[in-house]
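Q: Submitted below is the structure of interest, expressed as structure tokens.
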Amino acid sequence: MSSLMKGTAILTIGMFLSKVLGLVYIFPFYAIIGQKNVALYSYAYVPYTIMLSVAISGAPIAVSKFVAKYNSLGDYDSGRKLVRSGLLIMTITGFLSFLVLYFMATPIAHMVIKDEEQIFSVSQIAGVIRWVSFALIVVPFMSLVRGFFQGYDHMEPTAISQLIEQIVRIIVLLIGSFLVMRVFHGTAQTAISFAVFSAFIGALGGLLALWYYWRKFKPEFNLKLQNSVSTGQLSYKSIYKEVVTYSIPYVFVGIANPLFQLVDMLTFNTAMSNIGLAKVSDDYLGMLNFTTQKIVIIPVMLATGFSMALVPAITNYFTKNQHNALINTMDKTYQILLFITLPAVVGISILSADIYHLLYSESAVASSILAAYAPVAILFAFFQVTAALLQGIDYQKWIVFSLLTGILVKLSLNIPLIEAMETQGAILATAIGYMVSIVINILVLKKALHYKSKVVVRRSVLIILLTLIMAASVIVTHKLLVLMFGVAHSKIAALLYLIVCITVGGLVYAFLSLRTKLAQKLLGDKIAKIARKFGM
């Protein structure tokens, strides 16, 4: 058990650090290329992310589940058989994905550019998409190897290789774009092309790390292979049928947010052009799909990372038909998710002007977009958790249905809402689409498990009430700061305002949640011990 917990902890920490690095680099990169060029970067990464998810097809998790299953039966040969053939298949799918994205770059760019008044041209967008497509050659191959290691309970290779991949990518991206823009005074397109190509170089770094671990663990793998027992001759058809069954739900969960972003990417400029705002369309889309989205995703990382630790228990309880334990775990998952996410997104909305100013630049438009977008983070988190719960009870097909239905709703509403409300219309369409997907997931869970919970409703009302009191304290604190010192026009002033407001809001929320015993009930014995020290 200790080795399992250690491996899980290593993988979780590695993935979290990798995601944090993937967020932090944005701020110096923004300072190098400037606001108006951000959209060009996002035009490349949205289709790349989707194509990458399709190329990988959930390989790390699917392969790890397959290998772990047959290893537990002593059949080590089946896992090696999958890897031998899978490496070839992943190399082929990676190369085909590269070719598709490379040659589809111009058609994609034509779908994005709807007016001659837009900042970027078709050739510029097509160029950066082609540069990022090279990473697709390496990453699918690498994902399968990571899954193989995980199947043997070796989590370190995945965690370390992801970190190295991210670190190498960020170093190359920042140094390269800085040299192009500030030393050689090149164009933003050249800098961004170099920046997106850094994904390929980072992938090579991750691949080298995996090669090191393969040499390290190969004697162990070979020894187990020698002692392998047969569980029946598995054909390649049966192997890949099982792997694909595992992988499809993970693909759809992984590309949910990029698919919603893709709808914006393909329709936003059309709608803005229809209402005569083509000149600012690229700029606003960059704010929506890139700069504000990177901030909005922070509370989602924290909340889902914490609550998803409870989800593996769902599979165990469902398999053993322990209905009460399963319902209690679901209740706790929902409550913790709301408890963490709601105050975070409300705080981001209230302090959006100072947050955007500190991390990027002073912008009334961007801060209004961030204020409207932040609450949607709750929906992002709830979709991921409800999808994970459906996976836990083997209702994976409904994830695909709910997501595609949500995307269809988003697609049908996006242009009319953007024409009516500009960028806020795109945000509203995303919120409605996610709500439709979440409602479908919850209805399926309710029917499958006869799930209904009064305690979740009661505690949700309490969390909302505590958040409103916290929000009021933050608003009052911020208004007092502005009254005494004026609006924060410098980054240092914005930082100080944020520190004071977040401290006040955090203390108010912590005090209220401890005083009402909510934190103790949701977060366990350690929080209860801390509360007792303060007489709560």
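Q: Along the charge dipole of the chain, Cβ charges K/R +1 and D/E -1, which of 67, 403, 285 sits furthest on the positive end?
A: 67
Q: Let me understand segment 30-136 better: what is its radius of gyration from the alpha carbons, and its Dmax, in angstrom?
A: Rg then Dmax for segment 30-136, in Å: 19.1, 64.
Q: Same structure again: Positive end of the charge dipole of the chain (Lys, Arg +1 and Asp, Glu -1 on Cβ, about the Cα centre): tell me which of 453, 481, 266 has its Cα farthest that way.
A: The one lying farthest along the dipole's positive direction is 453.
Q: Oh, and also: Give me the net charge for the shell around residue 485: Cβ to Cβ below 14 angstrom, other residues only, Lys and Arg +1, Asp and Glu -1.
A: 0
Q: Let me ask something else about it. Ranked highest first by average number of other Cβ atoms within 10 Å, how do 162-173, 503-514 line up?
A: Packing proxy ranking, top to bottom: 162-173, 503-514.
Q: Nothing charged except the Cβ atoms of Lys and Arg (+1) and of Asp and Glu (-1): what's the magnitude of the dipole of the chain about its Cα centre? Round to the nearest 20 debye.
A: In debye, rounded to 20, the chain gives about 1860.
Q: Is segment 132-233 best put as rounded, prolate or oblate by its Cα gyration tensor, with a ≥ b ≥ c the root eigenvalues, rounded for a/c under 1.5, and otherwise prolate when a/b is larger than b/c, oblate when not?
A: prolate
Q: I've got another one for you. Using only helices, what value at 222 nm comes out for the chain when you add -39,500 (n - 2.57) per DSSP H run of length 4 or more and divide by the total residues, to the nearest 500 deg cm²/dmol?
A: Helix-only estimate at 222 nm: -28500 deg cm²/dmol.
Q: If a/c stays under 1.5 just call it rounded; otherwise compare a/b with b/c (prolate if a/b is bigger, oblate if not). Do that for segment 437-536, with a ≥ b ≥ c from the square roots of the Cα gyration tensor eigenvalues.
A: Cα axes put segment 437-536 in the oblate bin.
Q: Hey, another quick one. How much of the accessible area of the chain, probe 1.4 Å, is carbon plus sulfur, in whole percent?
A: Its accessible area is 70 percent carbon and sulfur atoms.
Q: For the chain, report the accessible area per residue in Å² (1.4 Å probe, heavy atoms, rounded to an integer).
A: On a per-residue basis, the chain sits at 45 Å².
Q: State the answer as a single residue: which of 377, 504, 187 lies farthest towards the positive end of the charge dipole of the chain, with beta carbon charges of +1 for Lys and Arg and -1 for Asp and Glu, about the Cα centre.
A: 504
Q: Given the C-alpha atoms of the chain, compute the convex hull and give its volume per residue in Å³.
A: Considering the Cα atoms of the chain, their hull volume per residue is 163 Å³.
Q: Right, something else. Tally Lys/Arg at +1 and Asp/Glu at -1 over every other residue whose Cβ is under 15 Å from the Cβ of residue 203; what's the total?
A: Local net charge: +1.
Q: For residue 84 and residue 499, FRET efficiency with R0 = 51 Å and r from the beta-carbon atoms, rounded to 0.05?
A: That gives a FRET efficiency of 0.40.
Q: While we're on this one: Taking the Cα centre of segment 443-536 as origin, work out the dipole magnitude from +1 charges on Lys and Arg Cβ and -1 charges on Asp and Glu Cβ, in debye rounded to 20.
A: Charge dipole, segment 443-536, about its Cα centre: 640 debye, nearest 20.
Q: Mind jotting down the three principal axis lengths of segment 263-304 based on Cα atoms? Whole angstrom, largest first.
A: In descending order, the Cα extents are 39, 16, 11 Å.
Q: By the scheme Lys and Arg +1, Asp and Glu -1, what is the net charge of all other residues having a beta-carbon under 14 Å from that of residue 221?
A: The answer is +3.
The values are calculated or read from the model by the stated rules, or taken from the named source; none is laboratory data. Not measured: the values here are computed from a predicted model. Using ideal geometry, Cβ is built from the backbone for each residue, glycine included, and neighbour counts are taken over all protein chains shown. For accessibility, only protein heavy atoms count, side chains too; no ligands or nucleic acids. Shrake-Rupley method; radii C 1.70, N 1.55, O 1.52, S 1.80 Å.
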